[in-house]
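Inspection log for the structure reproduced underneath, given as structure tokens.
The values are calculated or read from the model by the stated rules, or taken from the named source; none is laboratory data. Just so you know, these numbers come straight off a predicted model, no measurement behind them. Cβ sites come from the backbone with ideal geometry, for glycine too, and all protein chains shown count toward neighbours. Keep in mind that these areas ignore ligands, DNA and RNA; they rest on the heavy atoms of the full protein, side chains included. Shrake-Rupley method; radii C 1.70, N 1.55, O 1.52, S 1.80 Å.
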Amino acid sequence: MGGITGHIIAGRTRAAGRRALGAAALGGLALLLGACVADQTEATVRPAVVRVPAEAPRTTGRERAADADHLKLVASFGGEARAPNVTRMLTEVTDRLVKASDRPDQAYTVTLLDSPVVNAFALPNGRLYVTRGLVALASDTSEVAAVLAHEMAHVTLNHATARSELELRSALVSRVVADVLNDPDTGAQLQSQSRFALARFSREQELEADATGVRTLAKAGYDPFAAGRFLAALNRSTGLKSGSAGAPDMLATHPGTAERINQVTRAARRIGAPGIGTDDRAAYLAAVDGLAYGDNPRDGAVRGHRFIHPGLGIAFEVPEGFTLENTRSAVLGTTQDGGRRLLFDQIEAKDGQPLEAVLKASWNDAFDPAGFETRDVAGHPAAFALSRGKEWTFRLAAIRIGDSTYRMIMAAKGATDPDPAFRRWTATLVAVAPDEAVLRPLRLQVVQAASTSAEDLARRMAVPDRALDRFLVLNGLERGAALVPGRGYKIVVE
């Protein structure tokens with residue numbers, strides 16, 4: 001379970017002490033990142049280092065300061081993944097891109113993160129980070145190269161430094177107007193305006209990095225159209241989680257995916273027609289065969305409609321129609337139409353604190369007094385509450401199992417009370433013995449197609465739902481596409 005999501009439920013929760021299942025807070029480190037797309041065992045491996053000649057000029061003084069940032073980042077994403085073949089591939093791709101970039105003198109270090117989320121980012125000193133979830137989503141080496149070229153562009157264009165300076169300048173102007181000139185209203189207005197300016201600035205940076213990345217990709221001999229293919233896969237993958245890809249937020253730091261796909265496709269067409277460059281698909285499939293997929297069992301895992309956390313010794317099942325996602329501090333669920341959502345996490349409770357008070361301390365909105373109830377759930381003490389918003393109705397529970405307190409929230413759009421489904425869900429929360437909570441990790445397996453039917457391979461996918469859609473996204477295929485007999489494709493197996 002990971003950070004509380006920015007969806008409907010998250011906006012109404014309060015931080016409630018430590019998150020036993022959460023990631024370490026990164027604080028000001030976020031200013032340094034160029035996050036752009038939003039393992040096999042517990043052991044770790046050394047990051048892949050792209051070496052440059054010793055005489056090549058380089059910026060000094062950053063390495064030591066960035067070491068602590070690196071350790072925080074790696075810890076917050078589950079550590080480094082042990083996947084030597086993938087790490088070697090990332091090394092070779094980055095080395096090839098460096099030689100074709102505008103800064104062939106820049107040194108880069110690539111770290112593969114043991115996280116199922118699809119993400120990549122860069123630090124100003126040339127540290128690049130790619131999650132195993134991103135590597136799994138890509139369809140060939142050129143798509144992975146497109147992501148790395150984009151991140152390298154952030155470094156060579158000094159985007160993180162420019163953004164930090166703009167943020168500090170905006171904060172200073174707002175503070176001076178509010179405090180020194182004694183005009184808090186104008187100061188607040190300027191602060192609000194600066195948020196939009198910063199968001200716009202970040203979106204412009206992303207588009208600039210996209211254009212630069214495509215040029216580098218092509219110069220390195222990779223297929224420049226790979227950038228658009230990967231962004232399209234990212235958009236489809238997001239849609240599988242939320243029911244729809246959704247419209248971009250005005251304050252989003254990234255442009256809408258459709259806008260980015262259009263731009264990178266235009267940039268690729270300026271270079272040449274589709275078919276130029278190499279995708280190195282065979283080498284990519286050889287590298288990812290056996291790569292861990294999805295949740296790491298140590299952080300809990302989703303199996304169908306059931307969530308199990310071996311370390312905490314708990315499990316629950318969600319009602320039919322919900323798709324679950326396990327993040328590093330919460331388990332999130334949504335129906336395909338987005339009309340119902342749920343959240344499960346662990347919250348801090350002081351010794352002797354009533355569970356009703358625990359709920360109140362973790363929620364920003366008002367409760368309906370008639371909705372409070374205390375009773376046992378499978379022999380464990382629990383408190384229940386009701387909260388009605390303008391657009392959503394919420395049911396909440398705090399349940400104590402042993403020394404831990406868990407929070408369960410279900411939201412229904414409109415005035416519909418989700419109580420019946422909520423009660424069924426909370427009744428499934430149980431403590432499980434260690435031998436009952438044994439989980440086998442999921443992994444990618446590359447198999448050869450025996451027919452042209454995608455459905456044949458989709459039936460072998462160890463996924464909770466929408467097996468065909470997930471197979472198609474995982475392999476960069478459109479619905480109705482025919483497979484090539486004898487060609488390799490990725491499936492998810494246990």
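Look at (1) open to solvent by less than 10 Å² (accessible area, probe 1.4 Å); (2) outside any helix (DSSP H, G or I); (3) modelled with pLDDT of 95 or more and you find that Y129 fails only one, number (3).
Would you mention how many residues in the stretch 272-317 are of a type in the set (K, R) and in a helix (DSSP H, G or I)?
Total meeting the criteria: 2.
When you look at A361, is it of a type outside the set (K, R) and open to solvent by 20 Å² or more (accessible area, probe 1.4 Å), yes or no? Judged against the criteria, A361 is a match.
Per-residue answers, yes or no, for (1) touching a Gly at 6+ places or on another chain (Cβ under 9 Å); (2) within 14 Å of V130 (Cα to Cα); (3) assigned to a helix (DSSP H, G or I); (4) modelled with pLDDT of 75 or more:
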{"site": "E55", "(1), (2), (3), (4)": "no, no, no, no"}
{"site": "R58", "(1), (2), (3), (4)": "yes, no, no, no"}
{"site": "G61", "(1), (2), (3), (4)": "no, no, no, no"}
{"site": "A65", "(1), (2), (3), (4)": "no, no, yes, no"}
{"site": "L71", "(1), (2), (3), (4)": "no, no, yes, yes"}
{"site": "R82", "(1), (2), (3), (4)": "no, yes, no, yes"}
{"site": "V86", "(1), (2), (3), (4)": "no, yes, yes, yes"}
{"site": "M89", "(1), (2), (3), (4)": "no, yes, yes, yes"}
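Within the stretch 447-494, being surrounded by 19 or more Cβ atoms within 10 Å (Cβ to Cβ) and of a type in the set (K, R) holds for R470, K490.
Residues checked against (1) touching a Ser or Thr at 6+ places or on another chain (Cβ under 7 Å); (2) more than 30 Å from P464 (Cα to Cα):
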position	(1), (2)
R328	no, no
T334	yes, no
G338	yes, no
Q353	no, yes
A357	no, yes
K360	no, yes
P369	no, yes
E373	no, yes
A378	no, no
